[in-house]
Amino acid sequence: MIIKSMELFQVPPRWLFLKVTTDDGIVGWGEPIVEGKADTVRAAVEEMSDYLIGKDPGHIEDLWQVLYRGGFYRGGPILTSAISGIEQALWDIKGKRLGVPVYELLGGPVRDKMRVYAWIGGDKPSDVAEEARKKMAEGYTAVKMNGTAEMEWIDSPLKVQEAVERLAAVREAIGWDKGIGVDFHGRVHKTMAKVLIKEMEPLKPMFIEEPVLPENNEVIPEITKGISIPIATGERMYTRWDFKRLLMQGGVDIIQPDLSHAGGIWEVRKIAAMAEAFDVAVAPHCPLGPIALAASLQLDFCTPNAFIQEQSLGIHYNQGSDLLDYLTDPAVFHYQDGFVRRLAAPGLGVEINESKVREMAAAGHRWRNPVWRNEDGTVTEW
C-alpha cells in the first residue's frame, strides 16, 4: 500500500482539510491549519507531498522524522502544523486498514467517555453569565471564557475589577461544582497577570490559560508564586522540545498542545507522557474542525492524564459553518452530561461528508484574526 494522492480543501469558517488516498482506495483525513494562514500551510503540505507520494502510509514514525528533520529548518507553527495534519491522516488510514480506532493502536482505552467544555463570551467577553447558564442547561459541566479584552502593559484597576466581576457573575450563575476556564490569551503582560491572577483566586477558576505569551513562559513561576489556581498553557508550542523546557522549569499544571499544531497524534502522546512524568495534566487545545477534534479525542481516550477537551461547537469564530456540518453522522460527537462517549469507528472515528467538503471548498475562506490597538494607537495582543 502506498500514498497515491493528497488533496487539500479550504473550508469555512477558517479550516483546511487534507484527504490522503492510498493506491488500494483507503482514505485518511487530517486537519493541517494555522488559523489565518491557511494558504501558507497549504503550500507547506504541497511541498511535503513531493516526498510522501509513493511512500507506505503505515510508516508513520519514519515519515514524521523525515518531514520534521529532513528539511533542515524545523519547528514553528507552519511546518509543524503541516506535519500534524498529514500525520492525522496517516493514523486514520492505519486504523481503517486494521479495522480499529487509533487509540487501540496507542495502548488501548483508559476511559469510557471524555469531559468537554464549551466557550462563552466571545473575543471581548460580555453576557457571560447568561451564556454560562445556557451551557449548563445543555448539559455541560464546564465553560471557558476570555478573561479580558485588550490590555496595556500596565493597565487600570477598573479593567481588573471588570474582569473579576465577569468571572464572579459566571461563578454565581453556575455554582461552585462547575468548572470555569479563564483564558488570558497571551493578552496580559507579566505585571498585570500577577494582579489579575491574585484577584481572581477567591473565585477558584478551573484554570488560567496562557497567562503570558509562550515566549515569556520563563516568568510563569514568578507570576504564580503563592497562587493556588491551576495554570495552563501550550496552544502555541510545537513538539516535545518546546514542552520539555516548559516542564523542566515548572510552574505549569496543565499543558494544552494542539494536535493540529504540535506535531499530530503520536507526537502529542509523547508530550503527554512527558507531562505525566512531571505530574502535569493534559487538556488538548482544539477550537478547530471535526477532524482535529476526532484526533484529540483519540488521544484523550488512551491518555491517563488527559482531563478535559476543548471543542468548537458554537464558538464565536464559527461563522457560516460549524463543527458538525462536515460529518456524515453528527451524532458521533453527541455531548451528554458534559461528556462525549468513546468513539468506536476505525481510524479517527468519524466519517467526513466529502460532498459537503467539496461544496464548501468552492466558497473557501480568507479568515484573518483582528488587529487590536490600545487607546494610544499601539498594537496590542489579540
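Structure notes:
- Taking (1) within 20 Å of ALA262 (Cβ to Cβ); (2) modelled with pLDDT of 95 or more in turn, PRO101 satisfies each apart from (1).
- Which listed residue is in contact (Cβ under 8 Å) with a residue 60 or more places away in the chain, buried (at least 16 other Cβ atoms within 10 Å of the Cβ) and either touching a Ser or Thr at 6+ places or on another chain (Cβ under 8 Å) or farther than 19 Å from ARG236 by Cα (or both), from MET206, MET192, MET200: MET206
- The set of residues in region 330-379 that are touching a Pro at 6+ places or on another chain (Cβ under 7 Å) and either of a type in the set (Ser, Thr, Tyr) or loosely packed, with under 12 Cβ neighbours inside 10 Å (or both) comprises ALA344, ALA363.
- Residue within region 320-329 that is touching a Pro at 6+ places or on another chain (Cβ under 6 Å), free of Cβ contacts under 8 Å to residues at least 60 places away in the same chain, open to solvent by 20 Å² or more (accessible area, probe 1.4 Å) and under 30 Å from ILE180 (Cβ atoms) present: yes
- In the set (1) in contact with a Gly (Cβ under 9 Å, 6 or more places away or on another chain); (2) among the hydrophobic types (A, V, I, L, M, F, W, C); (3) within 19 Å of HIS185 (Cα to Cα); (4) surrounded by fewer than 21 Cβ atoms within 10 Å (Cβ to Cβ), ILE229 fails one condition alone, (1).
- Restricting ASP24, ASP62 to those that are under 20 Å from GLU351 (Cα atoms) and surrounded by fewer than 18 Cβ atoms within 10 Å (Cβ to Cβ) reduces the list to ASP24.
- Of all residues in region 78-125 being in a loop (DSSP other than H, G, I, E, B) and open to solvent by 60 Å² or more (accessible area, probe 1.4 Å), the one that is nearest to SER5 (Cα to Cα): GLY107
- Qualifying residue in region 306-325 (condition: in contact with a Leu (Cβ under 7 Å, 6 or more places away or on another chain), at pLDDT 95 or above and small (Gly, Ala, Ser)): yes
- Options TRP176, TRP153; residue that is in contact with a His (Cβ under 7 Å, 6 or more places away or on another chain) and of a type in the set (A, V, I, L, M, F, W, C): TRP153
- The residue that is surrounded by the fewest Cβ atoms within 10 Å (Cβ to Cβ), among those in region 275-289 that are assigned to a loop (DSSP other than H, G, I, E, B) and touching a residue at least 12 places away in the same chain (Cβ under 8 Å), is PHE278.
- Residue that is small (Gly, Ala, Ser), at pLDDT 95 or above and assigned to a loop (DSSP other than H, G, I, E, B), where the choices are ALA292, ALA262, ALA272: ALA262
- In region 109-148, the residue that is farthest from LYS190 (Cα to Cα) out of those that are touching a residue at least 60 places away in the same chain (Cβ under 8 Å) and hydrophobic (A, V, I, L, M, F, W, C) is VAL110.
The values are calculated or read from the model by the stated rules, or taken from the named source; none is laboratory data. Model, not experiment: these values are computed from the prediction. Quick reminder, even Gly has a Cβ in these numbers, built from the backbone with ideal geometry, and neighbours come from all protein chains shown. To get the accessible areas, we keep the full protein, side chains included, count just its heavy atoms, and leave off ligands, DNA and RNA. Shrake-Rupley method; radii C 1.70, N 1.55, O 1.52, S 1.80 Å.
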